[in-house]
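In what follows, a single structure is set out as structure tokens and then discussed.
The values are calculated or read from the model by the stated rules, or taken from the named source; none is laboratory data. As the structure is a prediction and not an experimental result, all values here were calculated from the model. For neighbour counting, all protein chains shown are included, and Cβ atoms are generated from backbone atoms with ideal geometry for every residue, glycine included. All accessible areas refer to the heavy atoms of the entire protein, side chains included, with ligands and DNA or RNA removed. Shrake-Rupley method; radii C 1.70, N 1.55, O 1.52, S 1.80 Å.
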Amino acid sequence: GTRVYVGNLSYKTSWQNLKDHFRSAGNVVHAKVMEERPGRSKGCGIVEFETADEAARAIATLHDGDLDGRPIMVREDREDRALKCNNG
């Protein structure tokens, strides 16, 4: 797929931070941080790339990397999975 799920985000990470961070892996089409309510991050997000190769590169190179002081989890996003976070 072209989408990756990102977990363990810092609560201060915005979609813009997320997009900028993931640009190193390829062309980011869309980045979203899940929110419990406006302005309150759930600590996870979705990043969509133009190609599956770029998404795979993001998983390979950015998983366990540091973003805003936290080691983030990056894995393939499965379309059928409800958009909820499981930071565990």
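A single entry from Ala52, Ala25 fulfils the requirement of being in contact with a Leu (Cβ under 7 Å, 6 or more places away or on another chain) and modelled with pLDDT of 95 or more: Ala25. Considering Gly43, Gly39, the condition of being at positive phi and open to solvent by less than 20 Å² (accessible area, probe 1.4 Å) is satisfied by Gly43 alone.
Picking from residues in the stretch 15-36 that are of a type in the set (Gly, Ala, Ser) and crowded, with 16+ Cβ neighbours inside 10 Å, the one that is farthest from Ile72 (Cα to Cα) is Gly26.
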